[in-house]
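I'd like to ask some things about the structure below.
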Amino acid sequence: MNTEQGQMESEQPGDDSVVETLTGLGRGFGGALLFALPLFMTMEMWWLGFYMDRSRLLLLLLLNIPLLIVLSHHAGFEKTKCWWDDLRDAGIAFGIGLTTCGAILAVLGLLDPAMTADEIIGKIAVQTVPASIGALLGSSQLGTDSVDAEELSETQTYLSQLFLMCIGALFLGLNVAPTEEMVLISYKMTEWHAVALIALSIIVMHGFTYALEFSGTAPMPERGRWAAFFFFTVVGYAIAICVSLYVLWTFGRTQDASWTQIMITATVLGFPAAVGAAAARLIL
């Protein structure tokens with residue numbers, strides 16, 4: 001009897017490990033679906049997979065890998081001990097994003113055997129980036145083992161917080177950039193509208209991060225409110241604009257456009273990107 005009891009106890013940790021692994025994968029798939037679902041049902045994203053410049057698409061996928069690695073270090077499937085663990089989790093997240101995109105697009109009838117391999121790969125690849133980010137974020141946000149806010153603030157550096165803002169800007173920017181409405185808005189705006197939108201973006205961003213005291217609001221820097229405004233809000237908005245310009249270039253939105261029109265379009269995209277950057281500091 002003691003022998004049987006010992007065998008049962010020795011099998012229990014293995015069973016728990018399998019359950020935890022399956023639970024983590026399930027959260028990853030849930031996060032990929034939750035964060036990328038709007039893109040799965042956006043017509044412009046389907047067309048991007050068909051006509052998007054393949055060198056720019058490849059660059060986007062390659063840049064996504066180090067982003068996932070660093071994101072895994074801050075808000076991944078688990079608390080990692082070394083960069084090899086982060087690389088492993090980044091690979092898992094990328095695989096989850098790829099699998100989720102292929103499965104959902106196929107179920108929705110958006111992948112057809114009559115399509116060329118280039119078109120099928122393009123449709124899946126262009127949506128894998130936000131889906132893989134969602135896989136990592138879903139594990140941390142949908143899971144029950146959340147990190148204490150005070151513990152997280154102690155481990156975060158200034159550069160790591162800027163990185164999280166970059167991730168938030170990229171994620172929300174990818175959801176909006178493909179739409180035709182964004183381009184239409186930019187053509188209807190004047191330079192003065194753009195200036196007003198910049199001011200509004202900065203105000204909203206600062207309000208999200210500090211002024212309105214949302215749950216999870218980042219602690220005010222020791223140097224005071226002006227330091228928070230310049231070192232986080234202004235720098236964060238600059239990051240959002242840079243991310244917006246990159247996304248616009250990746251999707252071919254800057255082709256044959258004047259610099260004035262490009263900057264106005266970047267300002268339009270910079271508004272949701274700035275909100276995403278500010279929100280990232282609250283939830284990650």
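Quickly rank 242-250, 228-236 as a protection proxy: mean count of other C-beta atoms within 10 Å, highest first.
In descending order of packing, they fall as 242-250, 228-236.
Okay, next question. Where does the charge balance sit around Tyr51 when Lys and Arg score +1, Asp and Glu -1, over other residues with C-beta under 12 Å from its C-beta?
Details: positive: Arg54, Arg56, Lys123; negative: Glu44, Asp53, Asp118, Glu119.
Taking every other residue near Tyr51 into account, the sum is -1.
In whole Hz, what ³J(HN,Hα) sequence does the range 258-268 give by Karplus (6.51, -1.76, 1.60; θ = phi - 60°), x for Gly and Pro?
6, 4, 5, 5, 4, 5, 5, 4, 5, 5, 5
Using alpha carbon centroids, what distance separates the range 229-250 and the range 38-69, in Å?
Taking the Cα centre of each part, the range 229-250 and the range 38-69 sit 20 Å apart.
Local charge sum around Ile69 (other residues, Cβ-Cβ under 13 Å, Lys/Arg +1, Asp/Glu -1)?
Here the charged neighbours net out to -2.
Also, quick follow-up: Going highest first, how would you order 257-268, 46-57 by mean Cβ packing within 10 Å?
257-268, 46-57
None of the figures in this text is laboratory data; all of them are computed from the coordinates on show. What you are looking at is a predicted structure, and each value in this text was computed from that prediction instead of being measured. All Cβ positions, glycine included, derive from the backbone under ideal geometry; neighbour counts span all protein chains shown.
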